[in-house]
1. So, in nm, how far is label Leu160 from label Lys80 when the simple model puts each one 7 Å beyond its Cα toward the Cβ?
2. Any idea what diffusion coefficient segment 320-440 gets from Stokes-Einstein, in µm²/s, Kirkwood Rh on alpha carbon pairs, 25 °C, 0.890 mPa s?
3. Suppose all protein chains stay in the model; what accessible area per residue would a 1.4 Å probe give for segment 107-213, in Å²?
4. Count neighbours as other Cβ atoms within 10 Å of each site's Cβ, and list the chymotrypsin sites (Phe, Trp or Tyr not before Pro) in segment 618-709 that are DSSP loop with at most 14 such neighbours.
5. Going 7 Å from the Cα of His395 along its beta-carbon direction, which residues of segment 317-355 have the amide nitrogen within less than 13 Å of the resulting point?
6. Around Met660, which amide H atoms from residues at least 5 apart in sequence, or from another chain, sit under 5 Å from its own amide H, with H modelled in the peptide plane?
7. Check Leu180: other-chain or 5+ apart residues with amide H under 5 Å from its amide H, H built from backbone geometry?
8. For segment 589-698, would you read off the P(r) tail past 17 Å as a percentage of all alpha carbon pairs?
Amino acid sequence: MLFFQGQLNLLCVAFACVTIFISSGISDHVNCALNYTEFGVKMTYSENDLCVLKDNTTSFTCNSLNKERSRICLWNLCLKPHETLQTLDLSRNHFKDIPKGCFSEFPSLEILTISNNDQLGFNNLYNAMYKLNQTNIQMIYANNINQVGVTYPFPKNISLLLNNTSLRKLHLNYNEIQTLESGSIYYLPRTLEEISVRGNRLEIGLIFFELVWLIKLTLLDISFQCSTLEYRSRSRRNVQYIDDFDNTNYEKCLNDISYVNALKVLPSNLTTLIATGLLSGPNCIPMLSTRRNSKLSHIDISMDGYFKWVGPISVDPNFNIITTVNLSHNQCQFIKDGFFDNLTHLENLDISYNYLGDYFYRIESENVFSGLKHLKKLDMRKSNIRYLPKTLLKHNKWIESLVLSDNAMDEWTLDISTLDSLSYVDCSLNKLVTFPEYVTERLDMLSKDHNVTVDFHHNKILCTCENLHFLQWLFTTRVMVRLSAACTGYNGNITQAYKYLSKECRKDNSVREWLYPVQTICLLFILSAIAMVVYKKRWTLIYRWYLFRLRQKGYTPIGGCDEGYHFDAFLSFADEDRPFVERVVTELEENSEVHFKVCIHYRDFTPGKSISKNIVSSVHSSRKTIVFMSRAYLRSQWCKYELQMAITKERHMDRRLIIMVVLEDIPHNQLSLEVLQYYKKNSYIVKPKNEQELNLFWKTLKGVIANDL
């Protein structure tokens, strides 16, 4: 009874449609867009046309009609079976309902598109899928058929309707799906090769283990969960950076959500996993591993907020065929050593749009790509890179394409000598002024075997004589170099700069070939002569410097008369000889008929003043200097300094000022060169050996102090 009533309702609706056709003057012969191809007849409704399917139509499209025309179009379509229709596109209309089993009357139907009818919901999706097992359905596109902002579970009954079909592709993008009913994946047809559920709100759960039953699935797109346009506009993720990485942070990172090894639950025949922009889960990539017989070759986990790459991704060596990994737009600032080591067959790696500038300054970054023996394309554009380790790519000899554009490099530091297959280098939008010669030579060598292209756009090429070798390389190399016209250091384009510098720099070079060596030799000769003079006159320079300082402080200049001196004699001696010197001081200052005033360091030096200044000041302000020569005297650095200052003063005054008192016999081979020369040129006084000789010693000493020598 219910079935009969449903058929009766359908007939009533059909009668109403026919009535509308008649009242509007519309017949089967109204023109609409037809396109005859070798594959059949393609038919398209426009805004102003309304037509009925022809019997031989293979493709039918009805888009962007007003609500009334959309309703008429749909009901007109459901009234009559069509044996030849293979492709049906009803997207971007205003459908609110679809008659149950409407599309079951198209036995040849292979592609059904009902996307962008956001008022339909899953109830009408059920009606659309009803009895599709009676068709040859291969692909279903049902994107954006739910209201934005209202979450829905995906019902199992839709999967049951599709279970006996030969469906290969199923797209359910942007439908606010949050959960999946148990069995909704399990009962999908085993013929499925591609599933896309991007732009929903799926939560990771045990339901995903049902994926393993889809044994023919080769592509899975689960991108942009919780990130539809409406959802993102009111919910922004705030990524919190971790300054220092350690095991504690790693454990915290993993515990943000319940840990699920996503790669383990994937079907063994899956080749492509697209998980872009998930923006959920932990902020690091945990250790992941594939199924034992996995055929996974392409992984895209870009824009997921993974700024710590820990891993590694563990792959069975016998089933390791991962060739492409996309990790771009992840704000990454740390890669753990060994993260890529298991991906030994990786050919394409995209780590662009990250924050790897500081990471590449670390020592461990030198080996980050060491396990990628078959890498062919490496993309590191716009990753805030200022420096690259020299040996970064020493293990990647098969690299063909190297993209480093839009970074902050001002100097090329990367060694490319091991890259035998390199054919494309993109270093545009950096701050490079030149290439080192070892880079240009290597590029020239590679260009002999195959075509090589270098993109050097928007760099600050230096147009000076010092960089002429690079400019010459740009215009003479076999490498195809893409350049900007402007350059730095010359008011003109790079071609004009090269022509100008080629002439001017060669003129200069002809002179420099002999001028530079001559200038260098002359300069070295002058510096050596100055050094020799300074060394020879060092004591005179020191004495004159201190003398200048003393005069600046108000000391009376020495005029060659007694009135300019504060002391009659400065006593220079070693502390080991102090007992005898004290007897001399007593004899000169207290027991003589003529009282002498002598300067002794431990009594008369000014406290707070440096020793060197006190010595120069005392020698300068004393009429004579008495040197008490002994082995201890020769060992003392300050005694030697006093002697040098006294000799310097003597040369400066051009008269004898030093009285040498020899306290003990010293072999000549123990004397310094200057003391030995003084011994040979001048007389000296010997310390008396007994009391009988002492009176003569006092008389002689007083005489030489009182009179000029």
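The values are calculated or read from the model by the stated rules, or taken from the named source; none is laboratory data. Just so we're clear, the structure is a prediction, and the values are computed from it rather than from any experiment. For neighbour counting, all protein chains shown are included, and Cβ atoms are generated from backbone atoms with ideal geometry for every residue, glycine included. These area figures cover heavy atoms from the full protein model, side chains too; ligands, DNA and RNA do not enter into them. Shrake-Rupley method; radii C 1.70, N 1.55, O 1.52, S 1.80 Å.
1. Taking the two extended label points, one gets 3.5 nm.
2. In µm²/s, the coefficient rounds to 171.
3. Per residue, segment 107-213 has 40 Å² of solvent-accessible surface.
4. Passing both the DSSP loop test and the Cβ count: Tyr684.
5. What the label zone holds, given the 13 Å backbone N cut-off, is 337-346.
6. Amide H neighbours of Met660: Val627, Ile685.
7. Hits under the 5 Å cutoff: Phe154.
8. Taking all Cα-Cα pairs of segment 589-698, the fraction more than 17 Å apart is 61 percent.
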